[in-house]
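Trainee: One structure, as structure tokens, below. Some questions next.
Derivation of every value follows stated rules applied to the coordinates shown; laboratory data play no part. Just so it is clear, the structure is predicted and the values come from calculations on it, not from any experiment. We place every Cβ from the backbone using ideal geometry, glycine too, and count neighbours over all the protein chains shown.
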Amino acid sequence: MKLIFVAFLTAVMLPVAAVDFDFTANPPLARGKVPMLKLDDSLRIGGTSERTALNFDGKSQITIPESAHLGLQPGLTVAMELDSQDKGDGQNCQMIVFKRNEWLIYRVGNRLDFLWKSGKEWVAVYRKNMTFEKTHKFVITLDKGYKFNFYLDGRHIRVAAITALAKPNPNGKALVTLGGGWNKWDFKGDIYQLVIFNKVWSKNEIEEFFK
């Protein structure tokens, strides 16, 4: 009985991600602290008949409510499953996740970039060349000591201590947006799952996401 109670207490005390959207569920699920996004005609549940997703047409974006606190301190995890087969002209960026004046994730051609802003300059923290001919899952983590990790489709690709770069701006009041943020740099594709969390996921949590 005691063991059962301890297990139950541990489960109850597990932290809940701020953003935890599953757009493949019917209806879409918001398992985190932020409620499901309010969608309109330009942002809809798309994907395929077998598997739905949040679809972006390259002309739309959406703001995540209650997301201003999702800065880089005391740590950050971003986990996504997305389909981004349309690479445009391979030059203009397609902004996927954006927190104004703080950090962003975007695609340009066959490359995925993670940047943070320091003062007035955007600093390229990590760039990964990758093909977009299929759906990908990836996880980015950054701890309060600026140790960075990147996982792609279940593989640990990169770990680095980001100490030589200019430090990022402190957390501000801007909300996180999906699918855009700057004029004409809007994302075209599908997001199946999205998690954003102000802590670094454990190894077990990362492995669970890739299942």
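Trainee: Simple spin-label model, 7 Å along Cα-to-Cβ: A164 to L39 in nm?
Mentor: 4.4 nm
Trainee: Among all the aspartates and glutamates, which ones have a C-alpha under 14 Å from K199's C-alpha, if same-chain residues fewer than 8 places away are not counted?
Mentor: Straight-distance partners of K199: D20, D143.
Trainee: Please compute the net charge surrounding D153, taking Lys and Arg as +1 and Asp and Glu as -1 over other residues with Cβ under 11 Å from its Cβ.
Mentor: So the surrounding residues net to +2.
Trainee: Residues with beta-carbon under 13 Å from that of K167, excluding K167: net charge, scoring Lys, Arg +1 and Asp, Glu -1?
Mentor: That works out to 0.
Trainee: Taking loop as defined by DSSP and a crowding limit of 13 other beta carbons within 10 Å, which trypsin sites (Lys or Arg not before Pro) in the range 127-175 fit?
Mentor: Loop-located and lightly packed - K134, K144, K173.
Trainee: Given the rule -39500 (n - 2.57) for each run of at least 4 DSSP H residues, summed and divided by the residues of the chain, what is its mean residue ellipticity at 222 nm, to the nearest 500 deg cm²/dmol? If you can, show how the numbers build up before the last one.
Mentor: Working: 2 runs with 19 residues, N = 211.
Rounded to the nearest 500, it is -2500 deg cm²/dmol.
Trainee: Where does each of 93-100, 22-29 land if you order them by average Cβ count within 10 Å, highest first?
Mentor: Descending mean neighbour count gives 93-100, 22-29.
Trainee: Work out the charge dipole of the range 17-209 with +1 on the Cβ of Lys and Arg and -1 on the Cβ of Asp and Glu about the Cα centre, then indicate which of F23, I140, T52 is farthest towards its positive end.
Mentor: It is I140.
Trainee: So which of K144/K167; K33/K99; K117/K144; K117/K173; K144/K203; K117/K137 end up more than 21 Å apart by C-alpha?
Mentor: Check vs 21 Å cut-off fails for K117/K137.
Trainee: I would also like to ask the following. Calculate, in nm to one decimal, what K211 and N110 gain on full extension: separation in residues at 0.36 nm each, minus their alpha carbon distance.
Mentor: Values: separation 101, 0.36 × 101 = 36.36 nm, distance 2.49 nm.
Extending this stretch completely gives an extra 33.9 nm.
Trainee: Of all the stretches in the chain, which is the longest one without any exposed loop site, taking GluC sites (Glu not before Pro) in a DSSP loop (any state but H, G, I, E, B) with at most 14 other Cβ atoms within 10 Å? The partial results should precede the final answer.
Mentor: Values: sites that count: E50, E66, E133.
Excluding the exposed sites themselves, the longest stretch runs over 134-211.
Trainee: How big is the dipole moment of the chain about its Cα centre under a simple scheme where the beta carbon of each Lys and Arg is +1, that of each Asp and Glu is -1, and everything else is neutral? Debye, nearest 20, please.
Mentor: The calculation lands at about 700 debye.
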